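Quick notes on the structure that follows.
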Amino acid sequence: MYRAKVLLKYYDTHWMYATINVGKQFAGTVPIVSMVYLSGTATINAINISAEQVKDDGNVTIWAYGSGFVSAHLLYAMIDCRSD
């Protein structure tokens, strides 16, 4: 199992993202992600958050969709990976 808090970065006014390495043992799985509600972060701007399938090298990208994001915004997510 792998669990971590991740800081997402600004992509454009509708998207924030982060790419992290969760380990090759999770290749092919789709992690569970959720927003972390912290005062002063852009959670109010976010509509949805999701993760791509973990690539063979262990990298996975988390995307948050919303509106009104600016480059100074911070948004945190929790990622949870599990393998059979």
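Pairs needed: first member in region 60-83, touching a residue at least 40 places away in the same chain (Cβ under 8 Å) and of a type in the set (Val, Ile, Thr); second member anywhere, part of a loop (DSSP other than H, G, I, E, B) and surrounded by fewer than 19 Cβ atoms within 10 Å (Cβ to Cβ); C-beta distance under 9 Å; at least 6 residues apart or different chains.
Close Cβ pairs (under 9 Å, with a partner that is part of a loop (DSSP other than H, G, I, E, B) and surrounded by fewer than 19 Cβ atoms within 10 Å (Cβ to Cβ)) amount to Val60/Thr29; Val60/Val30; Val60/Glu52; Val60/Gln53; Thr61/Glu52; Thr61/Lys55; Ile62/Glu52; Val70/Thr13.
Scan region 12-23 and tell me whether some residue there is crowded, with 17+ Cβ neighbours inside 10 Å, in contact with a helix residue (DSSP H, G or I) (Cβ under 8 Å, 6 or more places away or on another chain) and in a strand (DSSP E or B).
Within region 12-23, one or more residues are crowded, with 17+ Cβ neighbours inside 10 Å, in contact with a helix residue (DSSP H, G or I) (Cβ under 8 Å, 6 or more places away or on another chain) and in a strand (DSSP E or B).
Could you please find all residues in region 1-11 being farther than 12 Å from Thr61 by Cα and either surrounded by 13 or more Cβ atoms within 10 Å (Cβ to Cβ) or not hydrophobic (A, V, I, L, M, F, W, C) (or both)?
If the condition is that a residue be farther than 12 Å from Thr61 by Cα and either surrounded by 13 or more Cβ atoms within 10 Å (Cβ to Cβ) or not hydrophobic (A, V, I, L, M, F, W, C) (or both), then Tyr2, Arg3, Lys5, Tyr10, Tyr11 are the ones that fit.
Mind checking which residues of region 39-84 are of a type in the set (Phe, Trp, Tyr) and either exposed (fewer than 11 other Cβ atoms within 10 Å of the Cβ) or not in a strand (DSSP E or B) (or both)?
Kept after step one, since they are of a type in the set (Phe, Trp, Tyr), are these residues of region 39-84: 63, 65, 69, 76.
If the condition is that a residue be of a type in the set (Phe, Trp, Tyr) and either exposed (fewer than 11 other Cβ atoms within 10 Å of the Cβ) or not in a strand (DSSP E or B) (or both), then Phe69 is the only one that fits.
Among the residues of region 10-51, what is the count of those that are farther than 14 Å from Gly66 by Cβ and of a type in the set (D, E, K, R)?
Looking only at that region, the number is 1.
Kindly list the number of the only condition in (1) over 10 Å from the mean Cα position of the chain (by Cα); (2) over 22 Å from Asp84 (Cβ atoms); (3) without any contact (Cβ under 8 Å) to a residue 60 or more places away in the chain that fails for Thr19.
For Thr19, the exception is condition (1).
Read the figures in this text as sums done on the coordinates, not as results from a lab. On a predicted model such as this, the values are computed, not experimentally measured, just so you know. All Cβ positions, even for glycine, are placed from backbone atoms using ideal geometry, and neighbour counts span all protein chains on display.
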